[in-house]
Structure formats: C-alpha cells, structure tokens
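The values are calculated or read from the model by the stated rules, or taken from the named source; none is laboratory data. Nothing here was measured: the structure is a model prediction, and the numbers come from that model. Positions of Cβ are backbone-derived with ideal geometry, glycine not excepted, and every protein chain shown enters the neighbour counts. In case anyone asks, the SASA skips ligands and DNA or RNA and just uses the protein heavy atoms, side chains included. Shrake-Rupley method; radii C 1.70, N 1.55, O 1.52, S 1.80 Å.
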Amino acid sequence: MRQTMKRDVITISDVSDSEIDEIFSLADEFLGGKDSGAHRVSGRRHQADAYLMATLFYEPSTRTRFSFEAAMKRLGGEVVGGADPATTSAAKGESVLDTVRVMESYTDLIVLRHPCEGAARAAAEHVGVPVINGGDGRHEHPTQTLCDLYTLRRELGGETLRDLNVLLIGDLKNGRTVHSLVYGLARFGANVITMAPPGLGLPSEVSRRLEEDYGRKPELGSQIFDNENGGARIGAMYIAPDSQLKTAISRAQLPRANLHFDGEFVEGDGVKISIDVCYVTRRQGERVSRDETVSSEYPVIDAKFLSAKRYKDTRVLHPLPRVGELGYDLDRDQRGVYFKQAAYGVPIRMALISKLLGISPFSTSRPQGPQHDLYRHGEKMQCANDRCITNHAVERRQLTPKFWLVRPTPKFPKISLRCTYCETDFEPPFYGRVGERSLHANAGVPDEMDWWKIVLFANEQEARMAGLEMSASAQS
Ligand code: NCD
C-alpha cells in the first residue's frame, strides 16, 4: 500500500543515513545476503505486481534507465515510459511538468532524467506519486551515489566508510554524480581529495555546503600538483575533522602551496597515506557551452597511474560511460570494480523502489529539511543559473522561482540566495529592509539582522523602482 506521505529522492540529502543503511540491507537481501559475494540479481519476486513505474528520460542513459527497469521487473512490477522525448508530446512543446502530471495518473512512481538542473524537484512538487531523480543536468544523481556507497561497502568489506581516503578525479564541476557523492562521503566520514583539470574543480556552492553543512574544510589550496602524473592538479582535500590525515598534515606543518602528491604524501613525519578509492569521471563535454574555454588537460587513470605504492589496495570506481579517461587494462585488474558497481544498480534500485512504494517501508524517521529560511520576497528574482528549470522558456510559465536565504559567514560575507530547485548560489549586489528606504551594498552585513525583512536586488534600478536609494554613507 502506498505510504501516506509520499517520498521523493531528488538529492542525496533526501535520504537519511539510517535510511541509506536500510536500503543497503534490503539490497543485500536481494543478493542473497551481506557476504554472498554476488553482485547480480536473478529471478523474479512478486512484490511489486500491483505497481507501474514510469521512466521519463530526456537525456541519453544506459545504466540508470535499464537498471531501474530491470529492478522494477525483477520485483514483479511493470514499466511504461521512454527514452526518446522526440516520440512524446515533448516534441510538440509540452512542458515536462504537464508530462509528469499525466504520468502520475497512469503510474505509481516516476523516474525522471532531464538536462535542466532542478527539473526533478519541480516535477516532484507537481505530482502526488514519488519522483526519483535519475540525473538533473549538472546538479545531482542521488541513486548513482547509493550504488557507489553500496559498492564501497560491499567491495571493501567494512561496515563503515569512516576515514577512507577517496580521490575524486575528472570533471568535478559538471559531473552530477560527484556532487551527490561528496555529500554522501562526507556524511559517512570519508576523506575527500579532489583532482581536476584547471577550471573543472568542484563548484563553489558544493565546497561551501561541504564546509558549512558537513564540517569539511578544504585543508589545502588549489596549487598542488601530482608530479608523477603529468602535473594533474590536486584541487583540495576535504578531511574528516579528526582524521589521521589531518593530524599528519598539521604535524608536518607543511607549506600548503607546494605539497606534492607523491609517494608518502607527508614527508618526514612517518605517516603514510594510501588511497582507498579512486572515483573517476569522464569529461562532461555535452555540458560545456560554446563560449566556455576548457582545459585540454585531462587525467587518465590506468595501471601505470596506479603503479605508485599508495594505490596498491585502491578500488577504482567509475559511474560509466568511460570515454578515454579510464584504461581498459584495469578491466583485468582486481582494483577495477566499475562493472560490479554498475551491476549493484539493480539491487539498490530494487530496494529504493520497494521503500518508496511502501512495499518495505522505511522504519526510520524522515531526514531533516534544509537549515535555511525560505526567502520571502523572491517574486521578481530570477535564478542566476540559466540552465535551471525555472529559466527554461517553456517550464518557467508553470513555475515560480523560490530561494533559500543563506546567511553570511566570515568566509562568505555576502547574503546569498540558493535556488530551491537547482541549488545554485548567487549573491545579489544590493539589499534593503522591509519598511526602510535605504539601499545597502551586499557586503559586510551585520549579524543581528531581522532576516525575514531582507529584500535583495539584482541591480540599482530595480531597487529604485521599489523606492529605495543608496544613501551617501552606504556608498562611501
Ligand atoms: C552518469 C550520468 O549520467 O550522470 N552516468 C550514469 O548515470 N551512470 C555519468 C556520466 O554520464 O558521465
């Protein structure tokens, strides 16, 4: 029976740690037990016979769509939907929001992949059946993260991911899988080290959330080079607050700008750091716009790259597809576990479907909502991300942008708005207060503010039209 309160999984924050554990335990059952050594599901259960799932994919997909469909069918359910928007009314200009409303009346669960960031959240707000985000533009891909974390748990054999050293390699700016994954890793206590070509590091809002929501500070700056590997850049290291790695770094009092990512990591201190996991991603060519200049440098992870001692027991993961950044020689190397990772997509998605349809309901409580206040004066504000669903020429007619008000901190001294759909942060340059006529520059904002009174402006002209003026003192 359907649960009274529908549950959506749009970002990895939509499932709590204990719910993730429940999903993993159920996936273990589908694989014949925690230590069965199996990675593929066989046979069919008759648990979801009464249910239909819709797969709406507006972008190419192999693993996500087929594993969702296989998962539903292995559970005994049926699937309707498609992978080619050209064969649906999308080709006639129908909005995705109208499409999901229609699919809601035909099916019990919707899996949506869409090129616009925030599309899945918008869809979830418009329908009464659970919506699962199968990837929304560059934003998030939470079910891939469930597969990734599950792969680590099964392949590394431990109960916990605490203090694992995880190296994320590739296009960390545009890859949605890594955005969901870094939050998951941070929540389970792993250390994250990033390695990205210039300009393709983690987006600033992701780093900010790692720091503010998960207490992970980048311990090292962006000028660190991996000498052995053609100078690929190590972007930053997000480290568990009390990890051995952090102690090693602070004890050695390393000059932060010239630490080389070679051999033992920390010289002269006796603490050797090994890399437990390399998570490799492809260059997201389709997400780079024509006017963006991108570096031609891109790391290639193969047996040669992994010949250094620190990679001796590494597990190599990749969400796939690979397009040149992952050596085929790793297919025969026991460190390469990416095909098992793809196989785990079926039991994990079977477990998630069972949970969301209430076949095997979550026994634990819902995750906490966001910690920020909703910005109350956003009627005229546009999200700064032009790939956000709220800026899509067709979808925007049915959507009102909404924002969280993110308060300033010493490191980020301006008031930010975070779109509730695509979660992009931006800092409108001016603010005023309800009931007051003076306009202020968005910098050095006092802490003791009545936050609900804050009204932000994208430019001075907008503020003037609302009757606010920059005072002489504010200008100085
Ligand atoms: C990823 C995706 O679509 O984001 N693939 C997947 O779902 N396994 C990764 C990618 O396309 O690079």
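Below 30 Å, Cα to Cα, which lysines can Lys73 reach? Residues fewer than 8 away in the same chain don't count.
Lys6, Lys34, Lys340, Lys355
What is the gain in length, in nm to one decimal, between Thr62 and Ser438 on full extension, counting 0.36 nm per residue of separation less the C-alpha to C-alpha distance?
Length gained, Thr62 through Ser438: 129.9 nm.
Among rounded, prolate and oblate, which fits region 281-377 when a ≥ b ≥ c are the square roots of the eigenvalues of its C-alpha gyration tensor, a/c under 1.5 means rounded, and a/b larger than b/c means prolate?
Since a/c reaches 1.5 but b/c is at least a/b, the shape of region 281-377 is classed as oblate.
Please list, ordered by chain and number, the residues whose modelled amide H lies under 5 Å from the amide H of Arg315; skip anything fewer than 5 residues away on the same chain.
HN-HN under 5 Å from Arg315: Val277, Cys278.
So the label point goes 7 Å from the Cα of Val323 along Cα→C-beta, right? Which residues of region 282-314 then have their backbone N under 18 Å from it?
Inside the label zone: 282-301.
Residue by residue through region 43-60, what is 3J(HN,Hα) from phi via Karplus (6.51 cos²θ - 1.76 cosθ + 1.60, θ = phi - 60°)? Round to whole Hz and write x for glycine and proline.
x, 10, 9, 10, 8, 10, 4, 8, 10, 10, 10, 9, 10, 10, 10, 9, 9, x
Would you mind getting the accessible area per residue of region 59-136, heavy atoms of the protein chains only, 1.4 Å probe, in Å²?
So region 59-136 comes to 35 Å² accessible per residue, rounded to a whole number.
Would you mind telling me the antiparallel percentage of the DSSP bridges in region 367-476, rounded to 5?
90
Once the Cβ-Cβ distance between Thr409 and Ala50 is put in as r, and R0 is 35 Å, what FRET efficiency do you end up with, to the nearest 0.05?
Efficiency at R0 = 35 Å is approximately 0.10.
What are the ³J(HN,Hα) values, in whole Hz, obtained from phi via the Karplus relation 6.51 cos²θ - 1.76 cosθ + 1.60 with θ = phi - 60°, for each residue of region 454-463 in sequence order, with x given for Gly and Pro?
Once rounded to whole Hz, the list reads 5, 10, 9, 10, 6, 7, 5, 4, 4, 5.
Per residue, how many Å² of accessible area does region 327-439 show with a 1.4 Å probe?
Heavy-atom accessible area per residue stands at 48 Å².
Going by average Cβ density within 10 Å per residue, which order do the peptides 141-149, 55-63, 351-359, 327-335 take, highest to lowest?
141-149, 351-359, 55-63, 327-335
Could you check how much of the accessible area of region 94-141 is carbon and sulfur, as a whole percent, using a 1.4 Å probe?
That share works out to 46 percent.
Go through region 159-169 residue by residue and turn each phi into a ³J(HN,Hα) via Karplus (6.51, -1.76, 1.60, θ = phi - 60°); whole Hz please, and just put x for glycine and proline.
Listing the rounded values in order: 7, 10, 9, 4, 6, 5, 9, 10, 9, 9, 10 Hz.
For Lys453, go through the lysines and keep the ones whose alpha-carbon is under 26 Å away, minus same-chain ones fewer than eight residues off.
Output for Lys453: Lys380, Lys402, Lys411, Lys414.
Would you calculate the separation in nanometres between label points at Ser18 and Gln398, each defined as 7 Å from the Cα along the Cα-to-beta-carbon direction?
With each label point 7 Å from Cα toward Cβ, the separation is 3.7 nm.
Taking amide hydrogens as modeled 1.01 Å from N in the peptide plane, which residues meet the under 5 Å criterion relative to Gly81, leaving out close sequence neighbours?
Amide H neighbours of Gly81: Thr55.
Place a point 7 Å from the Cα of Leu374 along the Cα-to-Cβ direction; which residues of region 122-136 have their backbone N under 15 Å from it?
In region 122-136, the label zone of Leu374 (backbone N under 15 Å from the point 7 Å along Cα→Cβ) covers 122, 125-126.
Cross-link partners among lysines for Lys312, C-alpha distance below 17 Å, same-chain residues fewer than 8 apart left out?
Counting by Cα, and skipping residues close in sequence, Lys312 has these lysines nearby: Lys272, Lys304.
What FRET efficiency would be calculated for the residue pair Glu448, Glu94, taking the C-beta separation as r and a Förster radius of 60 Å, to the nearest 0.05?
Taking R0 as 60 Å, the efficiency between Glu448 and Glu94 is 0.75.
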